[in-house]
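Only one structure is covered here, and it is reproduced in the block below.
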Amino acid sequence: MQVIEGAVIACAGLGSRLGMGMPKCMIEVGGKTLLSRLIETLQPLVPRIHVVVGYREELIIEHCARHHREVIIARNPEFRTTNTAHSIRLGSTGMCSKVLYLDGDLIIEPSSLQSFVELAAKVPLLVGVTQAKSSQAVFVATHDEGGAPSKFVDNFQRTPATPWEWANVFAGSPNLLAEGMHYVYECIEPHLPVAAHVLNLHEIDTQEDLVQAKAWIFSSQCSTVS
C-alpha cells in the first residue's frame, strides 16, 4: 500500500472557453470558490496541497493568503504556452511518491473523493472517471473485471461517445508527467489499461457546464436541508 503524498491542483490556465476573465478556480458556486471547495475537501485526505498558478495568479495567491495559508503555491510563468500536464509537473516538485492530481475547475462530492483516495493507495495508478455530461468531454471506454471494486480504462476518445468521461483526476507517480508536453490523459495512455474509479463531480469548462454545476449544488443543498 502506498498512501498519497500530496495533492496538486492545476489552476494556471486561461479558462478561455468560459470567458469570465478570471481563473476558473476563482468562480463562486453556492457562495464558495471552486478552489476553496477543493481545498476543504482535500484537507482531511492528504498531508499537503500544492496549487499551481499562472493566469491572473495574484487573485489566487491573495485568496490563499486570506483563507488557505497552509497550501503551497507553485508558479507556472509560461502558462500561455504550456498545458495542464506541464503545470501539474511543476506542482509536484518535491514530491517523490504517489501524488493526487486535479484540475482546479472541478466540484467533487467529498465522499466520492475520499473513496477514490482510499482505492488509490492500493493500486499503482488510478484514473478518475465520471458520468458523461460535460459539453466537451473526453470519453473513456471501460470494462469491469469479475468481482473487482473498480472499472478499468481501456481507451480515451473523443468519438464515439460512451457513458463515461475522463474526470481530470488521477493518482500516480510524478514521473508519469516527466515530459509535460501532451494532454494529461495522453500521458496516461501508454499505461492503459489502468484501474479507474467513478467520481461524482462536475467540471466547469463552458457556460453550459457552469449552469449545470450551479443546479447540482443547489439540488445538493436542498436535499441536505430536507
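Quick note: the coordinates plus some simple rules give every number you see, no bench work behind them. What you see is a predicted model; the values in this text were computed from it and never measured. Here Cβ is always computed from backbone atoms with ideal geometry, including for glycine, and neighbour counts include all displayed protein chains.
Before moving on, here are some points about what is shown:
- Estimated [θ] at 222 nm from DSSP helical runs (n ≥ 4, -39500 (n - 2.57)) normalised by residues in the chain, nearest 500: -8500 deg cm²/dmol
- Förster-model FRET efficiency, 25 Å R0, residue 28 and residue 215, C-beta, rounded to 0.05: 0.95
- The stretch between residue 206 and residue 14, if pulled fully straight at 0.36 nm per residue, gains 67.9 nm over its current Cα-Cα span.
- By the Kirkwood approach, averaging reciprocal distances over each pair of separate Cα atoms, the chain gets a hydrodynamic radius of 17.6 Å.
- Net +/- balance of residues flanking residue 100 in space, Cβ distance below 11 Å, scoring K and R +1, D and E -1: +1
- Mean Cβ neighbour count within 10 Å, used as a protection proxy, ranking 196-209, 59-72 highest first: 196-209, 59-72
- If you wrap the range 97-206 in the convex hull of its Cα atoms and look at it from every side, the mean projected area works out to 6.9 nm².
- Per-residue extension of 0.36 nm, minus the Cα-Cα distance of residue 143 and residue 65, leaves a gain of 23.7 nm for this segment.
- Using the Cβ-Cβ distance between residue 73 and residue 154 with R0 = 30 Å, the FRET efficiency computed as 1/(1 + (r/R0)^6) comes to roughly 0.20.
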